[in-house]
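Just so it is clear, none of the values below were taken in a lab; they were calculated from the coordinates. Quantities reported herein were computed from a predicted structural model and do not represent experimental measurements. Heads up, the Cβs are rebuilt from the backbone with ideal geometry, glycines too, and the neighbour counts pull from every protein chain shown.
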Amino acid sequence: MQKHNLNAIQEIVYKATQKAGFDVCIEDIRIEKTKTIEHGHFSCNTAMLISGKEGKRPRDVAEEIISSLDKSIFEKVEIAGPGFINFWVEHKFYTTECQSLIENFDEYLSSSLDEETGKTMVIDTSHPNVAKPMGVHHLLSTIIGDSIKKIYKRIGYKVVNDNYLGDWGTQFGKLIYAIHTWGDMKVIEKDPIPELLKLYVKFHDEAEKNPELDDFGRAEFKMLEDGDKENRELWEYIVKKSLDEFGKVYSRLNIEFDVINGESFYEDKMSEILDFGREKGIIVDGDGGSWIIKPEEPEDVPVLVRKSDGATLYATRDLARIKYWENTWHPDLMVNVVDVAQEFYFKQLFFAESKLKLTTAKNVHVSFGRMQFKDTKMSTRKGNIILLEEVLNEAGERALLLAKDKGLDLSESESKELARIMGIGAVKYNILSQSRTTNITFDWDKVLSFEGNSAPYLMYTATRAKSIIRKSNYSEGDITNFDLSATSDAEMIVLTHLMAYFDMISHSAKDFKPNHIANYLYELAQHFNTFYNGNPIIKAETEELKKSRLLIVASVIKVMEDGLNLLGIEIPKKM
């Protein structure tokens, strides 16, 4: 398969190292953009890596590589500093790359990424608790997980997205008791989730005064577990109404799941694992008749898989989930997008899974920090949870005001559609543009701004680029036949940045970090706007130069569209 962009340069350098007699893996050859265009378009430090093994000076190794190099796509190759090799790439290379990129982007991307065809990933994201409204904390798992899903699909994986709902446990016995005692089904039916939350809160308030209520709650859940008809019907009603509410939020976010299996789904799948573990001596007796999996080190905490009263735990259901995933999809990769507070839990879970040998897949906990609001006024009217729906509503309202303040030439319906796209996109981008491993700050002034690293800025850049193509009166098919004659630094910076996109996708997948793509797109938008502001396109000095610049614009559009799609963000038709 033909190599493209940075992969093509990597392949040429690799062949040169082999020809020069150096033993190096192609994966060790990293091609990167130079910091300034004056020092070349791309650079690699391969000579310095090899010099340590060979006992030679890096510059001597670099000279040997350059002497063996196929220079057909290079204008110039130089050694810089202690032994960096800097490359200036010919226009014809960029012309072919941009033409291929525009003509069939998916095919170009596939060949650029060396797709992982035949591999499967199962990913758990969102997982809200039934009978409770979705809080803003669910947004992080939902948005980050959806982007990771899209990125892995992009690199060739078959991806199954499972929403592992919290729909089982003693809390449902407590809620059922509250409904029986204080509830009115006519009132609940009018506004199910808020009313169910009120009843659940009331149970806990009353239980503080009368702890005996906890026993009543446990008794109701035991009846549910044993198949009591009334409790079962009530639980099914609660789950259905919760899914209806969740579905409205997911629809607004344009989030879809392949599977929604809650904890209850695994109730009849745990005994097999427990029996197997006992039979093999992996699950042993703990204190008071509990069952545990002993740690490798005596001072470490054992994994509890059954309580002394015979009750199972969340971890037991999670082990059943892992086994089910293995039996159903035989994945190569299992991913759990859950906040950093559960880091120790997943360490224990993965240890237990490895002892029981439930899967051959690699299990990964993709953790993320907490969301904090810079605007202290952002608080819920319904307790101490910031409701996700409130954030989305406010995003839409603020986006509509922003569109009107900007004086955009839009009809009322166009303004509302822009506000929807911009509001949702802004919330998503604010999350995805920050590293998931740190706490994520939500600042409305930055989230909805046409300046700086924000969704509106990227959207405006993309729509501006599209308007240029429309005004040119050339079709995409016409543009794929144009040649590049780029001369300005601004044009070359855009071209070199375009070549790095495909490497950035692989980098994001490896790290499970969509912010790599978000930051790449922001830099691309900056480079494009510098190019646009300094180089007339429609009114270029010559037709040849106009066509050259249109080829760059069309290439930027393709990459911007794909990158924003990987972040789950739409591009408005008009801004």
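Highest mean packing first, where packing is the average number of other Cβ atoms within 10 Å per residue, the peptides 397-407, 548-558, 501-511, 515-525 line up as 548-558, 515-525, 501-511, 397-407.
For the chain, a Kirkwood hydrodynamic radius built from all Cα pairs, placed in the Stokes-Einstein relation at 37 °C and 0.692 mPa s, yields a translational diffusion coefficient of 121 µm²/s. Compute the Cα gyration tensor for the stretch 197-251, then decide on rounded, prolate or oblate, letting a ≥ b ≥ c be the square roots of its eigenvalues: rounded whenever a/c is under 1.5, prolate when a/b is larger than b/c in the other cases, and oblate in all that remain. In terms of gyration-tensor shape, oblate.
The HN-Hα couplings worked out from phi for the stretch 149-158 by the Karplus form 6.51 cos²θ - 1.76 cosθ + 1.60 (θ = phi - 60°) are 4, 5, 5, 5, 4, 5, 8, x, 6, 7 Hz, whole numbers, x standing for Gly and Pro.
For the stretch 80-192, the relative contact order works out to 27 percent when only alpha carbon pairs closer than 8 Å and six or more residues apart are counted. Most simply put, the chain has about 50% antiparallel DSSP beta bridges, counting only bridges with both residues inside it. By its C-alpha gyration tensor, with a ≥ b ≥ c as the square roots of the eigenvalues, how is the stretch 153-298 shaped: rounded for a/c under 1.5, else prolate for a/b larger than b/c, else oblate? Oblate, since a/c reaches 1.5 and b/c is not below a/b. Amide H to amide H, with H built 1.01 Å from N, E75 comes under 5 Å of W88, V89, E90, counting only residues 5 or more places away or on other chains. Considering helices alone, the calculated mean residue ellipticity of the chain at 222 nm is -18000 deg cm²/dmol, with DSSP H runs of length four and up weighted by -39500 (n - 2.57) and normalised per residue.
Among the listed pairs K153/K510; K149/K362; K149/K198; K362/K558; K404/K446, those with a Cα-Cα distance over 24 Å are K149/K198; K362/K558. Each residue of the stretch 444-451 was assigned a 3J(HN,Hα) from its phi angle through the Karplus expression (A = 6.51, B = -1.76, C = 1.60, θ = phi - 60°), giving 4, 5, 7, 4, 10, 9, 7, 10 Hz with x at Gly and Pro. Using θ = phi - 60° in the Karplus curve 6.51 cos²θ - 1.76 cosθ + 1.60, the 3J(HN,Hα) couplings for the stretch 564-573 round to 5, 4, 5, 8, x, 10, 7, 10, x, 6 Hz; x is entered for Gly and Pro.
Short-range pairs are left out: with C-alpha atoms under 8 Å and at least six residues apart, the relative contact order of the chain is 15 percent. For the stretch 388-566, the square roots of the Cα gyration tensor eigenvalues, ordered a ≥ b ≥ c, give a/c of at least 1.5 with a/b no greater than b/c, which places it in the oblate category. For the chain, the longest principal axis of the alpha carbon atoms and the long axis of helix 5-19 meet at an angle near 70°. Each Cα pair under 8 Å and six or more residues apart adds its sequence gap; the mean of these over the residue count of the stretch 423-480 is a relative contact order of 26 percent. Within the shell defined by Cβ-Cβ distances under 13 Å, the residues around D287 carry a net charge of +1, with Lys and Arg each +1 and Asp and Glu each -1. Rounded to the nearest 10 degrees, the inclination of helix 270-279 to the longest alpha-carbon principal axis of the chain is 90 degrees. Around the Cα centre of the chain, unit charges on the Cβ atoms of Lys, Arg, Asp and Glu (plus for the first two, minus for the last two) sum to a dipole of about 1020 debye.
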